[in-house]
Structure formats: structure tokens, C-alpha cells
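So the structure is just underneath, and the comments pick up after that.
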């Protein structure tokens, strides 16, 4: 990349957060074993497909899956699309009336920003459970009982409704007529908000164009459901890169849903994109996503900390958790983590060449790392 494109080139020092068990010490199963293990896992994953005929109708047959093709499988929320922040804002203002401490003063913009930052990437079900536990500890009735009775504080509701309007959402009172639980409401309202608020993560449109021009194929492998992701794809103007058959969802494509770190969605995405998992690159911003990619035996896992939901002061810590492998069966984490998505292109090119030359696990040359645009995190053991 030219210097004109790269305003910052910060080589991450070998800090404690970037040191984990050397990847080389884990070893790598022989290709035949990886392929057989992957085949068995994929058979199990396909057996759980919600609509097997529909979901797999456009998938390559096993004989058409290339044993040399390099493909890129992207997480969506917080990786391709800057959706974590708007989705979390919706979640906050849905839960806000039910926080035990809820008051107009308590529900400040700063508190909302802190909540969004601290809970980005967490399932809404988890956030509801936390509120319910806090209410129980405070001797307060359950969230659903308050919603059903309409007994929220009127001043709090007026404040919350004004904030919800900023995301184009109806008042809390208006949602009662829908007669749905809070989880269903959250899913529907998030889709509605993302239809207008979702936007690309920095540099992603240019990176997708570069990868496509170089002949790479790619797909989405996400936990998030449909229509949330397809709606966000349209809002980000990604339709040319990700038509419906290239969007794979752990929530919507399997019965019961298979959420990351379960490997099913990555295994299916690799198959449908026409590549072996060990020749595929996964790009992830969450620990559960890294765990899913590791459990699926993806050939390269690239962590990403450039989304708006990760504050600059939290980048080092988040990169460390991505590389720690806490959610993978063998404690494998991200092989390299980047802040600028433009750095994905040379990393993918290097991976393709290294795998083609029989190098496993792939190491990163000093020349490659020196040429990256921005800060990165990598184990010393992975530097050639």
C-alpha cells in the first residue's frame, strides 16, 4: 500500500496482551484429518438446517469444492457493518424504563454511551436477564409484568419516548398494542432502525472492491438473524457483494439456532462458497466469533477492532481477548488482529501464497507487517 493511503503505521510491540500460547506449539492436524473432522461436523450442521432444500440449493456439491481456492468469510455486525452501536442504542432505550435505578437524571446520554460500549456484542437475552436479576434483587416486579400493567414511571416514559423517536421508533405505549414480548419487540425494532442507521465500517467498501477485483469470493457468516442482516446489507449498499445466497445465519438457517462459538455457520459458509475450511479466512470482531472460526478449523482468523463500538482506549484490551481464544475448544484465538480493514488485503494475499507453498501454520513476514497501514497485534511466534 502506498504511503499516501497509510497515514499511520504503528507496529504493536510485544506486549503481554499479545502473548499467548505460540500457535506453532498447538500443532496442526494433518490435512486428511482436518478434512475428515470437518466433513463430520458439516454433516451434523447440515442435519440441523431449518430449510435444507432451500438453504443448500445453491451450494456447491462436494466434488465442486476447490481444494486450493482461498475465500473470505466475514462476520457482519461490527465487522462489515457499523451496526453494533445503533442496535445497542435501540436495546438500551427498550430496557431503560425497567432499570431499577431508572429516572430522567439516571438515563443520561453518557450512561447510554457507556452501556452501549460495555454491552456491544452481547445477546439481548443476556441483557434482559441482567435487568431481571437486578430488579429481583431490588424487590421489584418483573419487566414483563410492568410492561403488561403499563406501570412504568410517566416521566421516565416521556424521556425514553423522546430518545426512541431519534431512531424512528414508536412510543413504548404504542408497542403495547403489538402484544409481543420484549425479545420479539427488540428484534423487530432493531431491523427497523438498521434499515436507516446501518452503515459500512471504515474502508470496507473499498476493501470488498479490491478483493473482488483480485478474484476472491466471499460470504457472510453471522450469528444474527434474517431479516436483520439482509436489511443491513441493503442499507450499507453491499447487495452486489452479498446476494441472499451469500448470507449465512446461525440463528435463521438452523433448527434449533446454532450460535457462535458453534462452528456450524462457518462450516456451511465455507462449503457454499466453494472452499475447504482450512483454506478460508475468517474476519471477526467478537470472542464468540473467533471461537466459532477456530472450532470450524478456519485456515486464518483475522481479528478486527476498527468498529465504532470499540472505543480507542479499549482496542488493546479487546485485541487481547480476540487473541486469547477463550471461546474456542483448543484455545486458538485470532492469528492476527487489525484496526484498519485495508490491511486485510495484503494479509489475505500473503495467506494464499503461503498455503499454496505448503506453509502451515502460516507465519507473517516482517516485510508484510512493515507494509501494513495501521496498528496490528500478532504473536511473536507467528512472525517469520
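The values are calculated or read from the model by the stated rules, or taken from the named source; none is laboratory data. These figures come from a predicted structure and were not determined experimentally. Quick reminder, even Gly has a Cβ in these numbers, built from the backbone with ideal geometry, and neighbours come from all protein chains shown.
Tabulated data
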quantity: Residue under evaluation residue 326, criteria (1) free of Cβ contacts under 8 Å to residues at least 60 places away in the same chain; (2) in a loop (DSSP other than H, G, I, E, B); (3) touching a helix residue (DSSP H, G or I) at 6+ places or on another chain (Cβ under 7 Å); (4) under 24 Å from residue 276 (Cα atoms), criterion not met; calculated: (4)
quantity: Among residues of the range 369-384, those that are surrounded by fewer than 19 Cβ atoms within 10 Å (Cβ to Cβ) and within 25 Å of residue 275 (Cβ to Cβ), counted; calculated: 2
quantity: Yes/no for residue 169 being outside the structural domain of residue 254 (by TED's automatic domain parsing), more than 28 Å from residue 348 (Cβ to Cβ) and exposed (fewer than 15 other Cβ atoms within 10 Å of the Cβ); calculated: no
quantity: Single residue of the range 286-302 satisfying the filter (touching a strand residue (DSSP E or B) at 6+ places or on another chain (Cβ under 7 Å) and either modelled with pLDDT under 90 or in a helix (DSSP H, G or I) (or both)) that is surrounded by the fewest Cβ atoms within 10 Å (Cβ to Cβ); calculated: 294
quantity: Number of positions in the range 329-343 that are assigned to a helix (DSSP H, G or I) and surrounded by fewer than 24 Cβ atoms within 10 Å (Cβ to Cβ); calculated: 1
quantity: Any hit, the range 234-247, residues being modelled with pLDDT of 95 or more, part of a strand (DSSP E or B), farther than 30 Å from residue 359 by Cβ and in the same structural domain as residue 351 (by TED's automatic domain parsing); calculated: yes
quantity: Meets criteria (over 14 Å from the mean Cα position of the chain (by Cα) and either assigned to a loop (DSSP other than H, G, I, E, B) or within 30 Å of residue 117 (Cα to Cα) (or both)) for residue 261; calculated: no
quantity: Residue identified as in contact (Cβ under 8 Å) with a residue 24 or more places away in the chain and closer than 15 Å to residue 284 by Cα among 205, 261, 227; calculated: 261
quantity: Sole residue being farther than 25 Å from residue 197 by Cβ, at pLDDT 95 or above, buried (at least 18 other Cβ atoms within 10 Å of the Cβ) and within 19 Å of the chain's Cα centre (by Cα), chosen from 305, 283, 348; calculated: 348
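Residue-by-condition table, conditions (1) surrounded by 18 or more Cβ atoms within 10 Å (Cβ to Cβ); (2) touching a strand residue (DSSP E or B) at 6+ places or on another chain (Cβ under 6 Å):
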residue	(1), (2)
149	no, no
165	no, no
198	yes, yes
204	yes, no
209	no, no
221	yes, yes
228	yes, no
241	yes, no
